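First the structure, in the form of structure tokens, and then the observations on it.
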Amino acid sequence: MNYWLMKSESDAFSIDDLKAMPNKTEHWDGIRNYQARNMMRDDMKKGDLVFFYHSNAKTIGIVGIAKVANEAYPDFTAFDPDTKYFDPKSDPDNPRWFMVDIKFVRKLKRTITLNELKQHSDALADMPLLRKGNRLSIMPVSEAHWSFILDLE
DNA sequence: GCCAACGTTGGC
DNA sequence: GCCAACGTTGGC
């Protein structure tokens, strides 16, 4: 089993939005970064657990836990000129972009903020999230980091 | 293949 | 709203 962290702008799609979806499940569309795509397409397996992270928010940090409900399939928003995620270079016969389905598991009792995570830079030293300038919206989380962070809750 | 210009992310 | 970081694009 693998662990992940996925960022979402809370104004655009929050943990509460995920919880409110039918079956508490939503497809994670709009990933247009190759590194993030590769992880989704190649490494995210059904049942993997995900930290749900709010970026560009009043309170920035990990707010809940979700799980991978369906493994990668083509991101159909890339084929639709009416969506902001349209990419004419993504051919339905050879899709460029993929997405997974994410299901709500639970909210954390409190938000574990980015600021707080930074204060544990010893334990979390090699966590990509804490690297300056990191812009990856999906990243792997080691089992050790996953447990450590949950213990902060 | 290099690199300047440009666009986006995301913390502050 | 600002701006640092960084990925992508496209001319050469």
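Where a number appears in this text, it was derived from the coordinates with a stated rule and is not lab data. For clarity, every value in this text was computed on a predicted model and none was experimentally measured.
Helix-derived [θ] at 222 nm for chain A: sum -39500 (n - 2.57) over DSSP H runs of at least 4, divide by residue count, nearest 500?
Details: 4 runs with 26 residues, N = 153.
Calculated from helices alone, the mean residue ellipticity at 222 nm is -4000 deg cm²/dmol.
Could you tell me the ratio Rg/Rh of region A:24-135? Both radii from Cα atoms, Rh via Kirkwood.
Details: Rg = 15.8 Å, Rh = 15.6 Å.
For region A:24-135, the value is 1.01.
Stretch A:D16-A:L136 to full length: gain in nm at 0.36 nm per residue minus the Cα-Cα span?
41.0 nm
Mind checking which lysines have their Cα closer than 17 Å to the Cα of A:K45? Skip sequence neighbours fewer than 8 apart in that chain.
Once the sequence-local lysines are set aside, what remains near A:K45 is A:K67, A:K103.
Take every Cα pair under 8 Å in region A:25-69 that's 6+ residues apart, average their separations, divide by the length, and report that relative contact order as a whole percent.
Details: 40 pairs, mean separation 15.2, N = 45.
That works out to 34 percent.
Can you give the direction-averaged projected area of the convex hull of the alpha-carbon atoms in region A:1-57, in nm²? Show your work: numbers first, answer last.
Working: hull surface 16.9 nm².
Mean projected area of the Cα convex hull: 4.2 nm².
Can you tell which of A:F104, A:F13, A:F51 shows the greatest fluctuation in a Gaussian network model of chain A with Cα springs below 10 Å?
A:F13
Any aspartates and glutamates with Cα under 18 Å of the A:K89 Cα? List them, leaving off those in the same chain fewer than 8 positions away.
Cα-Cα hits under 18 Å: A:D29, A:D75, A:D80.
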